[in-house]
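Structure first, then comments.
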Amino acid sequence: MREEDREVNAGPAPDRRRRSIVAALAAGSTATFFGPWKVHHAWAQAAQRKPLVVGLTMDASGQYAASGGMERLGAMMAIKEFNDKGGVLGRRIEAIHMDTETTPATGSRVAERMITRNEAAFLIGAVHSGVANAISQVAQKYGCVYFNTNSSSPTESGKDCHRVKFVWDGNGTNFAHAIVKNAIRVNGRNWVLLTNDYVWGHNTSKATRSLAEANGAKIADELLVPQNTRDFSSYLLKLQQLKPDVVATAVGGDDIKVLRQQVVQVGLHKRMAWLNNQQDWPDVYGLGPEQIFGVFGTTWYYRLDLPGVKEFVAAYQKQYPGMAIRVPGNVFYNGYVATRELLRAVEEAGTTNNHAVIRKLEGRRMTARDRMQHFDAWIDPATHQCQQTIYMAAYNDQAAEKDDIFRIMAQVDAKDVVDQDAPKSCRLETFEATPTYEQ
Amino acid sequence: MIGALAPHLLNGLALGLLFALIALGFMLVVGLMETINLAHGSFFALGMYVALVIVAPPSALAGLVPLDAWRALPVGWRYATALALAPLVVGAVGMLLELMLRRTYGRDPLYGLLLTFGAALVLEEAIRAVFGSTEKQLPLPDALSGAVLVGDLIYAKYRLWACAFAAAAIAALWLFLEKTPYGAIIKAGAHDSEMVRALGIDLAKLRLAVFALGVALAAFAGIVMSPIWGMRPHVGVDAVVPAFLIIVLGGVGSFWGAVVAALMVGLIVGLAGAYASEWSLLSMYLLFIAVVTLRARGLAGKKSVLDT
């Protein structure tokens with residue numbers, strides 16, 4: 001439809017040619033007066049009124065369909081805010097979304113299509129780390145800047161890092177740093193790991209294992225849970241036989257919803273301590289109070305007593321009235337702030353040129369107030385991961401309102417939970433090896 | 001060793017019964033109508049949501065039914081009503097699909113596949129549009145909630161009930177097909193539809209009834225599985241894949257073949273989950289490959305011309 005619109009607006013071919021010649025002459029003459037190339041190039045783009053296409057590579061089906069939907073709404077809200085102010089570099093922002101199906105192969109295909117056919121200037125989105133990795137490989141091949149909004153395998157900013165990729169969520173190691181030591185002290189040393197059998201689960205449990213063992217815990221077993229497991233009875237029987245003090249889970253999406261329901265049915269949440277490395281809001285919203293057991297990590301909560309939070313929640317409710325999820329959670333938040341920061345960086349760079357935008361993002365510092373978190377955040381130039389506040393939470397049995405289901409137990413400064421291994425395994429491509437890309 | 005293994009064997013059998021319950025309606029439609037209903041999973045999901053409306057009706061229905069009086073009834077009554085009524089409602093929706101499906105009979109099977117696949121997408125999106133995409137929960141009577149001690153291990157009480165429901169549904173369907181004249185007509189229709197027609201039986205009505213029964217069974221399975229698997233619009237996808245695998249493994253058209261296949265799948269998934277957890281989901285596909293490689297028509301499928 002968009003391409004049809006462009007065709008209609010272009011007018012008859014001779015007119016188009018005349019206009020092109022005039023535009024070229026105008027661009028050539030103004031170049032003399034407007035200094036550096038990037039400045040007059042941005043002006044030329046604005047003059048053409050070519051929309052800035054942002055590709056939203058987000059799941060609408062599969063294990064992370066619910067989270068994929070929420071991060072898309074977050075990105076769309078940021079895009080709308082920019083469009084209301086006139087867009088970016090004078091260009092209207094146009095978002096296109098394709099379902100990545102929680103499947104890495106689909107992620108590759110969608111990224112390839114968005115870059116080669118839809119002329120996407122940037123790609124944003126992912127919850128599943130395998131999908132994020134697949135998208136980023138394609139993005140790196142073309143040089144297209146890609147924001148991984150919500151997938152948090154430590155490998156995303158470790159061995160699978162790329163010059164064009166920026167990782168927006170806290171990763172499994174950050175959360176493990178925040179939670180493990182205290183859990184050993186409070187709950188005991190005999191641990192079992194319950195791990196979603198894919199890249200995020202493996203690497204998150206690896207980080208948990210390493211920290212737990214370093215602090216004196218014993219990992220009695222690690223049970224791997226294939227993606228889309230719907231019956232956990234054999235795992236729950238095994239846990240009863242193993243009798244651990246702590247079950248540390250790295251299970252996400254629909255799998256964690258089902259696991260929570262089945263754990264409560266047998267009452268195992270009362271017999272052992274449960275830690276869930278990271279609990280995404282769409283995976284817990286709608287569950288009963290008993291099913292929100294254990295301690296878990298998150299990067300944001302809608303009732304943080306911080307400036308801007310209430311206004312942000314109100315903006316969500318205004319833009320998306322009547323939503324089943326009445327208040328935004330961490331996944332929406334990440335989608336929003338990531339998109340907003342990308343568009344700000346483009347504006348500051350004055351161009352959509354990838355190298356210029358990447359340079360604006362590397363080492364970027366963001367204030368706590370701006371991000372509605374407790375501590376300042378920054379983008380690590382060595383790994384491209386956003387270092388941010390990590391919150392530990394549990395179920396709130398003294399809720400102020402219906403949706404107030406989290407009790408924030410602690411907020412940890414990003415510098416206290418840095419993933420020290422990531423810079424050792426991350427080898428960002430050089431700028432020379434990263435193709436120039438500009439739409 | 002045996003002591004440690006026993007709970008997993010029992011759990012595997014229980015899991016197998018639940019798999020059989022999920023596959024029953026699918027088996028009926030495939031086996032007796034030779035139509036692969038890819039919307040089976042969506043009817044499974046629809047059953048859950050219709051049951052939710054019955055057990056916990058939304059306030060939007062206030063003008064249509066006496067909500068306060070209904071909500072005042074014990075959950076057990078409302079749950080029992082949902083178990084009986086929701087499959088009928090979903091069965092009626094299934095009838096509409098069968099009416100549309102008629103144009104595909106006698107044609108390339110691909111037409112039927114595409115139609116039911118399209119219906120699955122429409123149903124899933126309709127559920128999402130009406131109920132939203134967030135997780136829902138079916139309220140359960142207290143008598144079915146909680147856990148029981150089996151030996152020194154805890155087992156969910158509801159799971160035992162679900163197995164009982166599954167066993168009852170399997171037995172009822174078998175009795176219906178084997179011991180009633182209607183069952184005889186259905187089986188005869190599958191075996192030689194022309195002869196049945198020649199005997200004056202309306203084949204169109206027969207197919208409509210069988211399809212509705214298959215869909216109603218899918219809805220019943222959905223209601224029973226809802227507290228175990230959870231309720232979300234795309235939950236049907238999780239049901240249709242094992243259902244398809246089980247009926248092919250058991251041999252298309254074989255009632256007991258499907259039940260035995262389901263028990264085998266349950267056992268292997270249960271044991272793999274306990275002792276080689278990363279293989280638990282894959283194990284059912286490996287079993288399928290092994291059986292079909294050695295016996296292409298499945299465990300109890302009819303011998304085809306190619307076998308002779």
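Readers should treat all values here as calculations from the given coordinates under stated rules, not as data from a laboratory. This structure is a prediction, so every number in the text was calculated from the model and none was measured. For neighbour counting, all protein chains shown are included, and Cβ atoms are generated from backbone atoms with ideal geometry for every residue, glycine included.
Miscellaneous remarks
- Of all residues in the range A:311-362 being closer than 27 Å to residue A:431 by Cβ and among the acidic types (Asp, Glu), the one that is surrounded by the fewest Cβ atoms within 10 Å (Cβ to Cβ): A:348
- Members of the range A:216-242 that are at the interface with another protein chain (Cβ under 7 Å from one of its Cβ atoms) and over 27 Å from residue A:65 (Cβ atoms): A:237, A:238, A:240, A:241
- As a summary of the residue check, residue B:59 satisfies the conditions (1) closer than 30 Å to residue A:239 by Cβ; (2) away from chain A (no Cβ under 14 Å); (3) of a type in the set (S, T, N, Q) except for the one numbered (1).
- Filtered residues of the range A:269-284 (kept if within 14 Å of another protein chain (Cβ to nearest Cβ) and surrounded by fewer than 21 Cβ atoms within 10 Å (Cβ to Cβ)): A:269, A:270, A:271
- Conditions (1) out of contact with any Leu (no Cβ under 9 Å at 6 or more places or on another chain); (2) crowded, with 24+ Cβ neighbours inside 10 Å; (3) within 14 Å of another protein chain (Cβ to nearest Cβ): number failed by residue B:236: (1)
- Some residue of the range A:199-211 being among the basic types (Lys, Arg), more than 12 Å from every other protein chain (Cβ to nearest Cβ) and surrounded by fewer than 20 Cβ atoms within 10 Å (Cβ to Cβ): yes
- Test result for residue B:53, buried (at least 22 other Cβ atoms within 10 Å of the Cβ) and among the β-branched types (Val, Ile, Thr): no
Results for (1) closer than 30 Å to residue A:53 by Cα; (2) under 17 Å from the mean Cα position of the chain (by Cα); (3) β-branched (Val, Ile, Thr), shown as yes or no for each residue.
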position: A:367; (1), (2), (3): yes, no, yes
position: A:375; (1), (2), (3): no, no, no
position: A:400; (1), (2), (3): no, no, no
position: A:407; (1), (2), (3): no, no, no
position: A:411; (1), (2), (3): no, no, no
position: A:418; (1), (2), (3): no, no, yes
position: A:421; (1), (2), (3): no, no, no
position: A:424; (1), (2), (3): no, no, no
position: A:432; (1), (2), (3): yes, no, no
